[in-house]
1. Sort out which residues of the range A:91-123 are assigned to a loop (DSSP other than H, G, I, E, B), modelled with pLDDT of 95 or more and within 13 Å of chain B (Cβ to nearest Cβ), and write them in order of number.
2. Could you tell me which numbered condition B:Arg89 fails, if it satisfies all but one of (1) within 16 Å of ligand 3 (Cβ to nearest atom); (2) surrounded by fewer than 19 Cβ atoms within 10 Å (Cβ to Cβ); (3) farther than 30 Å from A:Gly254 by Cα?
3. When you check B:Glu209 against the structure, is it at positive phi and within 16 Å of ligand 3 (Cβ to nearest atom), yes or no?
4. Among the numbered criteria (1) free of Cβ contacts under 8 Å to residues at least 40 places away in the same chain; (2) of a type in the set (S, T, N, Q); (3) under 30 Å from B:Glu207 (Cα atoms), which single criterion is violated by B:Thr333?
5. If you check B:Gly175, B:Gly137, which single one turns out to be in contact (Cβ under 8 Å) with a residue 60 or more places away in the chain, exposed (fewer than 15 other Cβ atoms within 10 Å of the Cβ) and not assigned by TED's automatic domain parsing to the domain that holds B:Asp50?
6. For B:Leu246, are the conditions met, namely being among the hydrophobic types (A, V, I, L, M, F, W, C), part of a helix (DSSP H, G or I) and either under 24 Å from B:Ala146 (Cβ atoms) or not assigned by TED's automatic domain parsing to the domain that holds B:Pro81 (or both)?
7. Looking only at the range B:73-86, filter to residues that are farther than 13 Å from A:Gly253 by Cα and of a type in the set (A, V, I, L, M); which one of those is farthest from ligand 2 (Cβ to nearest atom)?
8. Could you tell me which residue of the range A:124-180 is nearest to the other protein chains (Cβ to nearest Cβ), considering only residues that are part of a helix (DSSP H, G or I) and β-branched (Val, Ile, Thr)?
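The values are calculated or read from the model by the stated rules, or taken from the named source; none is laboratory data. The structure presented is a predicted model; accordingly, all values stated were derived computationally and were not measured. Please note: Cβ atoms are built from the backbone with ideal geometry, for glycine as well, and neighbour counts cover all protein chains shown.
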Amino acid sequence: MKPNDYDIAVIGGGNAALCAAMTAAEAGARVLILETAPKAYRGGNSRHTRNFRCMHRAPLGPLVEAYSEDEYFADLMKVTKGKTDEHLARLAIRTSEECLPWMEAHGVRFQPSLSGTLSLARTNAFFMGGGKSLVNAYYRTAAKLGVDVLYEANVTHLELNGDTIEWIDFTHEDQDIRITPKSVVVASGGFQADTDWLTRAWGPAAKNFLIRGTPYNRGVVLADLLEQGVSQVGDADQCHAVAIDGRAPKFDGGIVTRLDCVPFSIVVNKDAQRFYDEGEDTWPKRYAIWGRLVAAQPDQVGHVVIDAKSLNLFMPSVFPPLKADTLEELAEMMGIPADKLVKTVEEFNAACGDTSNFHPTELDGVTTTGITPAKTNWARPITEAPFYGYSLRTGVTFTYLGLKVDENAQCSTADGPIKNLWAAGETMAGSILGQGYLAGYGMTIGTVFGRIAGREAANHAN
Amino acid sequence: MQTNALTDMNPDFLGEARRQAEICNACRYCEGYCSVFPALHADRAFSDGDITQLANLCHNCRGCYYACQYTAPHEFELNLPAALAEVRRDSWESFAWPQPVARRFHTSGGMIALALVIGFALILFALRALGSAGGEGFYAAMSHNAMVAIFAPAFILPLVSLAISLRRYWHSVGGTTLKLADITGAFGRAAKMQDLAAGHGEGCNFEDEDRFSQSRRHVHQMVMYGFLLCFAATSSATVMHYVFGLHAPYAFFSLPKLLGLIGGLLHTIGCVWMVALKLKSDRHLGDVQAWGGEIGFIALLGFVGFSGLMLYALGQTALMPAMLAIHLGAVLTFFLLTPFTKMAHGFYRLTALIRDAQRKRLQG
Ligand SMILES: Cc1cc2nc3c(=O)[nH]c(=O)nc-3n(C[C@H](O)[C@H](O)[C@H](O)COP(=O)(O)OP(=O)(O)OC[C@H]3O[C@@H](n4cnc5c(N)ncnc54)[C@H](O)[C@@H]3O)c2cc1C
Ligand code: SF4
Ligand code: SF4
């Protein structure tokens, strides 16, 4: 078929796009996926994921026990501090239960909770092989359903005329192509890979941020639609950001760049000063705030210092730590003032008390006294050589500023709904998440709203 | 013989596999695919022996390659199936005994062909020199005793060689005193070729990128059971010969003939199918250097079956003595090369599974 023969164009090639495309094709529509990435990098951030959060009233697939709508919603409210659209959030939560069997029927395979993630065995269903195998399975199923895919098809413009998208412009193999599908689904992610946009929102600090996922989510379609008056949701400086290994690549470092050692460490800035309670809570509950803490430090960098006794308490990470026999040497390797680091460690050590209750996997209350900031759990003196160091930087997962949608995933302008435009996934996640993030909820939003968008787009086209 | 064979291994292969294993250990997404990952995640640092054991647990299903978000062009350049395949072959070469022949055949189909020619020549020479003692059927061409004189050592020598190799392997990967449970556990998995079904039981990602398919498992089962049937055919003939005094040639409806025929067909078709799968697969996800040697080996294996069938078909004709020489030459070559070709992989894999069962038992 020629690019113009399709009923529906789906922009993007990740989880949300694929869910929309498969659903629309099953409803009988002719669907074309426009994915800007080459085939090897198809699947956006979705190929970095590992699980999705799923409500269930009884054991379901790999999920044990039950996870009710109310508990799920309460968990969400805790992280977003109430900045949540309750109606859409509950819709996503309620629908997640039927998503799991739907995903299996479309080729996704699940596995028991990965080693080191037992705490998620009840709430999050893990994809066997991770997100890329999910994406691969969906591409296979989509192909069987007759969905066509153009890789390296970069959408640059959607022409909005009143309440209708008239055409789509994209480039493909050095050609500018214009198509006029009846329905359009936008599932092209956030804008985090556009450093200039991030810098406008965050200030110059953003230049030092690392992007955990795909370099292709540059917000081109998002910016184009917002400029034409499509309704927006969320603030440009709201995003999911975590503290990751400072040596990670600028883009696409993914899961392996995470560092789990902070609770057993002290973290100092480039002046060798501590700046936050490293032991405030268990790491899965705290790694997201550390993204922001590090972003607020000079040069947006933090340095983690641990000693020999803590080395084996956390999951190994992809880069080996710096290692030195003395703190002075370690400071030199880190490029921070040695005398100040020694002083900071001495003060910290002096503030440590009885450590006999130390327990690495529980809030043990082993705390410092008399220093600010305090370390309120796992506070053991840093004394045993060799000493180890990691650097921390802010790693952005995705941005929240996006397209505002209703329960049909439909986009609108100030004048009302746009007849043939729907959005799903990261690009509309801000409609639900005002701030904060709940592990596994991104894939839930993409799957639920991708399917809704596909259904509505097909209804309109047929 | 007691030197540590690990020191003979290529440090570049080991280093590359270790680099990748460390990335996998920080990721863990592939944990459900096979026994490599749970074994990998049990460690924080990997000795050469650990890497060698992981390599021999891998059966190159490629699931973890197509599922990996870090494959090239990503700068982490993950390709675990290839990295482990290189270590695996290097381990077989390094542990093999005797060393001078060990590194000739894995990587060279040409050497296998040459060995085959020598095998033919030896048998022809034997036919000429020993002749027949006037027996019936095949024994009209070569006497039973002459066959035994040639094939008994050709069978036992490779077994001795393999035993030495596996002993070296066991010590290199840190194996300790065996318990029966280790062995029964491992055999159960091997018999079903459970791992070839992949984590969710839908097979390998071999002949068509990330599509799961049972072909590779079925082809292995065909070849293995075909081979075992042929073996059973020969064994039953031996028993009939020595125990019951029933001498060849046997009728069509006899154990040796029926087992041999079915086995030979399975085995031959299996090998052809195996080559076809290999040709469709992406070479770069395996041991690229060993490609020629592997194809050569499967060709030899298939030829053993095929020439056996031909011998059966032409057994009553004037071509029989020639066919017999060809078949026996192929069998001889195949036996003698067993420790030095891909044929060894089954033995190593079983040993690795036993060691894995032991690891699990000891780590609780
Ligand atoms: C390292 C990491 C781990 C994560 N782990 C999890 C997890 O375990 N569970 C979870 O729920 N969430 C996780 N997330 C978040 C999750 O990835 C996202 O919420 C989800 O993948 C969003 O899906 P999507 O389809 O909206 O976007 P994406 O999967 O990012 O897809 C966007 C697609 O649009 C394409 N595109 C962009 N611009 C254009 C254009 N102009 N023209 C054409 N195509 C375009 C991109 O190439 C891409 O294919 C993780 C994120 C990261 C970075
Ligand atoms: S092969 Fe890739 S996806 Fe699988 S565990 Fe290793 S790094 Fe992770
Ligand atoms: S290729 Fe298959 S068997 Fe080998 S490590 Fe990867 S998933 Fe495991």
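1. Those that are assigned to a loop (DSSP other than H, G, I, E, B), modelled with pLDDT of 95 or more and within 13 Å of chain B (Cβ to nearest Cβ): A:Gly107, A:Val108, A:Arg109.
2. Failed condition: (2).
3. Numbers: at positive phi: yes; within 16 Å of ligand 3 (Cβ to nearest atom): yes.
For B:Glu209, the condition - at positive phi and within 16 Å of ligand 3 (Cβ to nearest atom) - is met.
4. (1)
5. Details: B:Gly175 fails: exposed (fewer than 15 other Cβ atoms within 10 Å of the Cβ).
Checking each option against the conditions leaves just B:Gly137.
6. On the way: among the hydrophobic types (A, V, I, L, M, F, W, C): yes; part of a helix (DSSP H, G or I): no; either under 24 Å from B:Ala146 (Cβ atoms) or not assigned by TED's automatic domain parsing to the domain that holds B:Pro81 (or both): yes.
So B:Leu246 fails the test.
7. Among them, the one singled out is B:Ala85.
8. Filtering the range A:124-180 down to residues part of a helix (DSSP H, G or I) leaves A:131-144.
From what is left, the residues that are β-branched (Val, Ile, Thr) are A:135, A:141.
Values: A:Val135: 9, A:Thr141: 11 Å.
Looking at the filtered set, the residue picked out is A:Val135.
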